[in-house]
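The structure under discussion appears below in the form of structure tokens.
Here, each number is a calculation from the coordinates, and none is a lab measurement. Given the structure is predicted, the values throughout are model-derived calculations rather than measurements. Ideal geometry is used to build each Cβ from the backbone, glycine not excepted, and the neighbour counts take in all protein chains shown.
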Amino acid sequence: MKAGSNRIEAVVTNVVAVNELVKRFHFERADGGLLPTFSGGAHIVVEMRDDEKTRLNPYSLMSSPLDTRDFRISIRRDDVGRGGSLFMHRKVKPGDRMVISNPVNLFSLDLRAKKHLMIAGGIGITPFVAQTSQLAAGSGNFELHYAVRNDALASYADVLKERHGSRIHLYRDDSGETLDLARVLATQPLGTHLYVCGPAGMITWVRNTAAAAGWPAERVHFEHFAAPQPGKPFDVRLAVSGVDIQVGEHESLLEAIEAAGLDPPYLCRGGVCGQCETNVISHDGKFLHNDHWLSEEDRQSGCKIMPCVSRFEGKSLVLER
Amino acid sequence: MTMLSRPVYGVLTPQTGKNHLLIADADGASAITDFAKKAPPGFFASAEIMYLDGPDGAKNVQALKALSPARFYQGPSIAAALPRLRQLLAESHMGLRLYVAGTEGLIGQIVQIANEAGIEYTAVQTEHRGSLARRVQCVHCKGITENVTTQPCTCAHCGLLLLVRDHYSRRYAAFQGVCINAEDPTEIPPTEEIFR
Amino acid sequence: MGINFRQETFRDDYSFKNSPEQIRRFPFPFPEDKYMYSVNIEPHVPGLKDTVFEHLFDVDEHYISEMQDRALVLAEDPLRCQSLPHMELAGWDTLELLMTEKAKSYPDLFTLTRDGDKWHWINRPLGIDDHFTFGDSSTLPYGPLEYITRQSQGDFAVLDQRDNNLWMDAGIVTTQADWSLDFDIGMNFFEWHAPVPLAHQMGVFTRALKFLMAMQQGQPSRRHNWTMTINSRLDTSPENFHKWGTDRATVTPENVGQKVHLRVEVQMFFRLPRSNALLFPIRCYLLKMDELVTSPKWARRFHRVLRDLPNELAEYKGLVRYRPTVVEWLSKYDDGAPTSAGLGPD
């Protein structure tokens, strides 16, 4: 049985420009039925068919888990990435048919929490839009701190303020507003859980600050998808299936394996869930590990790679696929 | 091989934190004085020690007070200390670190109370010192028998002869006791003193 | 297809038995003539006609009587159904899954009508007709988990997923093979499996946990386990072990056929959508030795499995006292002929 293979035929019903960098996409089932129920923090994988190329990118669901007539995701345009966000921004129109996956949650709320303290940076707000809807409906105790560049790029700040009032705290960089995290952390009741989603630097800052303030690591949850990075093309031999493939500049190793007709398991496509972990049979060159899954020993040993985000530079690479 | 549900205890180690609560019984007091030798300077200025001395623990009081904790409490039992502990935990913030040293029964019961207050067992520093006597829950009548040292033991509530298993419940802070001669009540296995 | 519900008991006079049709659909668990603990997880795909896997949740001829037995157990010991406070949402997930699947699989027996959060549930075999508000426990006579599992055969454990582990944080357990929900509630995957011999060293649980944590919505899976029970007692709980333990000493060559049962657990795993918890239904099927030997293949194979079972497993399953008697009885049905592949009765 393959993880990640539950595909849903969907129609794009709306595309909304939220601000100059972010667009929101609404999906409904092509057959008109309800979409699967999900929990706040879940993501879906969107299949993008861009001419010859197929990309599968994960995006957090931001609609309310209480309403599954449609799924909504927000995508920030990345002008230097592999082109997935540009494809969505430039080519996807209402009425288009697309394939999306069942929701998968790798960033779920800990429902035992006496309080949920959420820290968001930029587009990292999306999972919290769903989670705050879920918590508010069940009278859950939460507080959200949201750091943005300026008012114009404060995606959904107005919606969240309207829905949740004083539980939402906004920090605008251009107005010199800064989050005094140490102070916020010092006043939380025992039993609080901390969640952070945003740029890698912010996640590191929050985790370090929390650790220094005496928060146990199990109380700090973070959403840390790495987007696959473009890189030099490289050749790979898939020993089990006896196929030789080339990974293109703007293609991930996982996508190249799939393009060769193989069906490896995956959940996140962002280097965190561990599903696509692949054994290396032999290599002559150097690995560019971009995942958050493999241990330091695994990396040192050179016998494993996470094909969803990691790359290779060198003469030869043989994988057990 | 011990059972995987059996708690594993370590050696008390200083944690980063805003406040520190250290709890020990008479057997565990020496673990706190040993711990103090590796604690960073000024550690005890933000620490409270709760010392549950039992009948013969008064001898450790001076050694613990000499660590100059911000607050020092001496009480005769867990039950007596409970109201104070519950209030302290209810008013505390994230950043409080908890350390428990002493008998398995003390550690189990403090971990249980801390869990209710929102501190998970994985975040509690524990060190076992002293007797291996067990708290045993009778799976049949649900009563808990304290200070069990024999295998099998007799349930203090319903009187059944219980096999004391290594299977441990954090929620009850107790090992499981299951009737040892249920298949043939006339079989009375010999009793051995093994949890000392 | 109407089900002919039997009126029978699982205690006192033990009037339980299987109809010939029910024997044919018994989930015989041994694919070969020997047994060793394994993960044996497979996709739980419905559709195999005339088997217990025809629907996601099987309802059979014992349904009404099993539910009556569950009510008796809960009246005696309410601790058999518990839910830690954070598991209420998972309880509603469970209710939704069981109601929608039952209504879809057996429209003549169950009907669910949904209008937003106003739900109407009809259970004809048990004579239940309730209107309630989905998500509002005050509109049901019990919590959502207890309400729906008082109407569903099998035990149910609900596992919270967090910190790279699964936690047994809610459940209803009245037909168990000797484990205590009350004692195990709150434990993680390795802790509640701690008493199982051999498997930990084999790495079985590490692999199983990895698989289960990655389980997705809409893609349930299942495995099976087995043991043996003396008399058709569903409630072989540790709580009452001092009451039923003596049964194990009552097996004689004359009564094996009626008294000794093969007990098969079909264990299923479902990802629950709102709570992200895992639902773990454990469905128990009993088969008398007299019923088992109506299939010559099953008789031969079970004789060989039981005879060659490692002692640690026999000990863990509680078979030690009567295994020789049952093996001797079964040997009369084993002529040494090879058995055919597959699980079916031939």
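The smallest convex shape that holds all Cα atoms of the stretch A:234-319, its convex hull, gives 82 Å³ per residue. Compared with the dominant Cα axis of chain A, that is its longest principal axis, helix A:200-212 is turned about 60°. For the stretch C:21-29, backbone phi angles converted through the Karplus equation (6.51, -1.76, 1.60; θ = phi - 60°) give residue-by-residue couplings of 5, 5, 4, 4, 9, 4, x, 4, x Hz, Gly and Pro being listed as x. Shown here: the stretch A:117-276, whose C-alpha atoms stretch 59, 35, 32 Å along the first, second and third principal axes, sorted largest to smallest.
Which value in deg cm²/dmol, rounded to the nearest 500, describes the helix-derived mean residue ellipticity at 222 nm for chain C, given -39,500 (n - 2.57) per DSSP H run of n ≥ 4 and division by the residue count? Helices in chain C give a 222 nm mean residue ellipticity of -7500 deg cm²/dmol. When chain C is treated as a GNM with alpha-carbon contacts under 10 Å, the residue of C:Gln217, C:Gln161, C:Gln153 showing the greatest mean-square fluctuation is C:Gln217. The distance separating the Cα centre of the stretch C:19-68 from that of the stretch B:1-44 comes to 51 Å. Of all the options B:Thr186, B:Thr150, B:Thr103, the one that moves most in a Gaussian network model of chain B with Cα springs shorter than 10 angstrom is B:Thr186. Ordering C:Gly186, A:Leu135, C:Phe10 by the projection of their Cα atoms onto the charge dipole of the protein assembly as shown, which places +1 on the Cβ of Lys and Arg and -1 on the Cβ of Asp and Glu, puts A:Leu135 at the extreme positive end. The charge dipole of the protein assembly as shown, taken about its Cα centre with unit charges on the Cβ atoms of Lys, Arg (+1), Asp and Glu (-1) only, comes to about 1280 debye. Net charge of the neighbourhood of A:Arg167, taken over other residues with C-beta under 13 Å away and scored Lys/Arg +1, Asp/Glu -1, is +1. By DSSP, the beta bridges lying fully in the protein assembly as shown are antiparallel in about 70 percent of cases. Of C:Arg300, A:Arg29, the sequence from fewest to most neighbouring Cβ atoms within 10 angstrom is A:Arg29, C:Arg300.
Taking every DSSP beta bridge that has both ends in chain A, the antiparallel portion is near 65%.
Other residues whose C-beta falls under 11 angstrom from the C-beta of C:Phe30 contribute a net charge of +3, scoring Lys and Arg +1 and Asp and Glu -1. Would you please classify the overall shape of the stretch A:9-161 from the alpha carbon gyration tensor, given that a ≥ b ≥ c denote the square roots of the eigenvalues, rounded means a/c under 1.5, and beyond that prolate means a/b larger than b/c while oblate covers the rest? In terms of gyration-tensor shape, oblate. The distance between label points at C:Thr294 and B:Thr154 comes to 5.0 nm (points 7 Å beyond Cα on the Cα→Cβ vector).
Among C:Trp298, A:Trp293, A:Trp205, the ranking by other beta carbons within 10 Å of each residue's beta carbon, starting with the fewest, stands as A:Trp205, A:Trp293, C:Trp298.
Taking all pairs of different Cα atoms in the stretch B:134-193, averaging 1/r and flipping that mean, what Kirkwood radius in angstroms comes out? Roughly 11.3 Å, rounded to one decimal.
The Cα atoms of the stretch C:231-344 cover 54, 40, 26 Å along the three principal axes, with the biggest extent listed first.
Over 20 Å apart at the Cα level, from the set A:Lys23/A:Lys91; C:Lys49/C:Lys104; C:Lys34/C:Lys259; B:Lys142/C:Lys317, are C:Lys34/C:Lys259; B:Lys142/C:Lys317. Here chain A yields Rg over Rh of 0.98, to two decimals, using C-alpha coordinates and the Kirkwood radius.
Taking every Cα-Cα distance in chain B and sorting them into 10 Å bins from zero, the calculated P(r) comes out as 9, 34, 32, 17, 7, 2, 0 percent. Binning all Cα-Cα separations of the stretch A:201-280 at 5 Å, short to long from zero, yields these whole-percent fractions: 3, 12, 18, 18, 15, 9, 9, 9, 6, 2, 0.
Cysteine residues of the protein assembly as shown whose Cβ has no partner cysteine Cβ closer than 4.7 Å: A:Cys197, A:Cys276, A:Cys303, A:Cys308, B:Cys153, B:Cys179, C:Cys81, C:Cys284. Within the stretch B:55-122, the ratio Rg/Rh, alpha carbon atoms throughout and Rh by Kirkwood, equals 0.96.
Take each residue in A:97-103, count the other chain C-beta atoms within 10 Å of its C-beta, and the mean is 2. Across peptide C:181-193, the average count of Cβ atoms from other chains found within 10 Å of a residue's Cβ is 5. A simple charge model with +1 on the Cβ of Lys and Arg, -1 on the Cβ of Asp and Glu and nothing else charged puts the dipole of the stretch B:134-193 at about 480 debye relative to its Cα centre. Which net charge results for the neighbourhood of B:His20, defined as the other residues with beta-carbon distances under 9 angstrom from its beta-carbon, given Lys and Arg at +1 and Asp and Glu at -1? Result for the local shell: +1. Taken about its Cα centre, chain C carries a charge dipole of roughly 880 debye when the Cβ of each Lys and Arg holds +1 and the Cβ of each Asp and Glu holds -1. Of interest is the spacing of the C-alpha centroids, which for the stretch A:22-90 and the stretch B:76-112 amounts to 48 Å.
Peptide B:85-98 shows a mean partner chain C-beta count of 4 within 10 Å per residue C-beta. Neighbour counts of C-beta atoms inside 10 Å place B:Phe72, A:Phe287, A:Phe71 in the sequence B:Phe72, A:Phe287, A:Phe71, starting with the fewest.
Considering only C:Met228, A:Ala211, C:His55, the residue lying farthest towards the positive end of the dipole of the protein assembly as shown is A:Ala211, judged by Cα position with unit charges set on Cβ. To the nearest µm²/s, what D does Stokes-Einstein give for the protein assembly as shown at 4 °C and 1.567 mPa s, using the Kirkwood radius over alpha carbon pairs as Rh? After rounding, the answer is 43 µm²/s.
For the residue pairs A:Lys114/B:Lys18; B:Lys18/B:Lys59; A:Lys115/C:Lys118, the C-alpha atoms sit more than 22 angstrom apart in B:Lys18/B:Lys59; A:Lys115/C:Lys118.
Peptide packing for A:96-107, C:67-78 was compared via the average number of neighbouring C-beta atoms within 10 Å per residue; ordered from the highest value, the list is A:96-107, C:67-78. At q = 0.09, 0.13 Å⁻¹, what log₁₀ I(q)/I(0) does a Debye calculation on the Cα points of chain C give, no solvent, two decimals? For chain C at q = 0.09, 0.13 Å⁻¹, log10 I(q)/I(0) is -0.48, -1.05. Once every DSSP H run of n ≥ 4 in chain B is given -39500 (n - 2.57) and the sum is divided by its residues, what mean residue ellipticity at 222 nm do you get, rounded to the nearest 500 deg cm²/dmol? Calculated from helices alone, the mean residue ellipticity at 222 nm is -6500 deg cm²/dmol.
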